[in-house]
Amino acid sequence: MALRRGAHGDADRRGVRLASHYRASFADVPEFDNLGPITDLRYPSSDVTVFRLTRESNVFYYFTGKTLESDKKSFSGSRGWVKDLKLYGQPIKAMDLLNTLLNNGAQHHYPFILKDVGGCIEEFAYWLGLEKIRRLEYKDYLYV
């Protein structure tokens, strides 16, 4: 089943599809059968912002970028590939962003909006006295 663009959020030219929940081929466990339906959509080309409050909601992070339409194989669900990454408005490489998120213990579920709202988040954080997670450049050895 497919819905056209605009009927259910902002999807790419394929629209939104109803699909079975992802199940890894190696997960040969009966309890993993029929996990239920999901909505499957890929984001259109757009500016994006990813934001998350973390710890005791006194710390935050956000990054921005641009999605690109891609037919690259990926898991079903809401998804998109992001380029031109910026952490707090400053360019950042994907490995540095990943390292920053992982080594700061950032959760992996977060709001995602198809617009650059970094300035709004900066003001929101200022008025609430929030602290940014620290940027950590990638190194090929253990951080301590």
Item checked: Neighbour-limited loop hits for trypsin sites (Lys or Arg not before Pro), the stretch 49-144 (at most 15 other Cβ within 10 Å; DSSP other than H, G, I, E, B) -> Arg55, Lys72, Lys73, Lys93, Lys115, Arg134, Arg135, Lys139
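Given Cα positions, please report Rg to Rh for the stretch 43-132, the hydrodynamic radius being the Kirkwood one.
Using only Cα positions, Rg/Rh for the stretch 43-132 is 0.97.
Here, each number is a calculation from the coordinates, and none is a lab measurement. Small disclaimer: the values here were computed from a predicted structure and weren't measured. Cβ sites come from the backbone with ideal geometry, for glycine too, and all protein chains shown count toward neighbours.
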